[in-house]
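K.L.:
Right, I'll just put the structure down here and ask away after.
Nothing in this text is a laboratory measurement; each read-out follows from the coordinates by a stated rule. All of these numbers come straight from a predicted model, not from anything done at the bench. Because the Cβ atoms are built from the backbone with ideal geometry, glycine has one as well, and the counts that use them run over all protein chains shown.
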Amino acid sequence: MNAKLKLAFLTSLLVNVFLVGVLLGELPRRFDEGVSREERMEKAIGKLPEPLQVRFRGEMERMREGSEQLRAQIQEAREEALRILIAEPFDGTAYDRQVSKIHELHGQRSQRMAELVKEVVKDLPPEQRQLLAEVLKRPPSPSPR
């Protein structure tokens, strides 16, 4: 083998080893990103004391059942916003109204969640409120790549 071919082979080998290292280093993060919000929430709820787990799950289920109509309204509002977005001619005012409606509906859903949390924690000791606060934290955003 001549020197240029040996250098090209060695460079290719080093690049491949580097790429394998990068892929293996990123693999655990990729699996974490695939975990749904519900799975993360369920895992976190499992850390709470049993009576609090039962109460919180019951309240969450009650909220889910009560917010089906709100969820349907949000979906309809999104679909309407998309129809406005692709319509000719584009109506920016109608689009802005629709986006505002979506934000309002999301606000209603957030308000319901806040009320549920308040109801669940009102009689809890500080330690259990701290545990519940940990459950409600959002996971850190993935680092930019």
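K.L.:
Tell me, what is the FRET efficiency for Q130 and E61 to the nearest 0.05, using R0 = 35 angstrom and their Cβ-Cβ distance as r?
P.N.:
Result of the calculation: an efficiency of 0.90.
K.L.:
Okay, next question. Mind giving me the nanometre distance, one decimal, between the label points for Q111 and F90, set 7 Å out from Cα along Cα→Cβ?
P.N.:
My value for the distance between the label points is 3.2 nm.
K.L.:
Convert each backbone phi in the stretch 82-90 into a coupling constant with the Karplus relation 6.51 cos²θ - 1.76 cosθ + 1.60 (shift: θ = phi - 60°), then list the ³J(HN,Hα) values in order as whole Hz, x for Gly and Pro.
P.N.:
In residue order, the calculated couplings are 5, 4, 5, 4, 9, 5, 10, x, 5 Hz.
K.L.:
Another question, then. Could you give each residue of the stretch 113-130 its phi-based ³J(HN,Hα) in whole Hz, using Karplus coefficients 6.51, -1.76, 1.60 with θ = phi - 60°, and x for Gly or Pro?
P.N.:
Values per residue, Gly and Pro as x: 5, 4, 5, 4, 4, 4, 5, 5, 8, 4, 10, 8, x, x, 4, 6, 5, 5 Hz.
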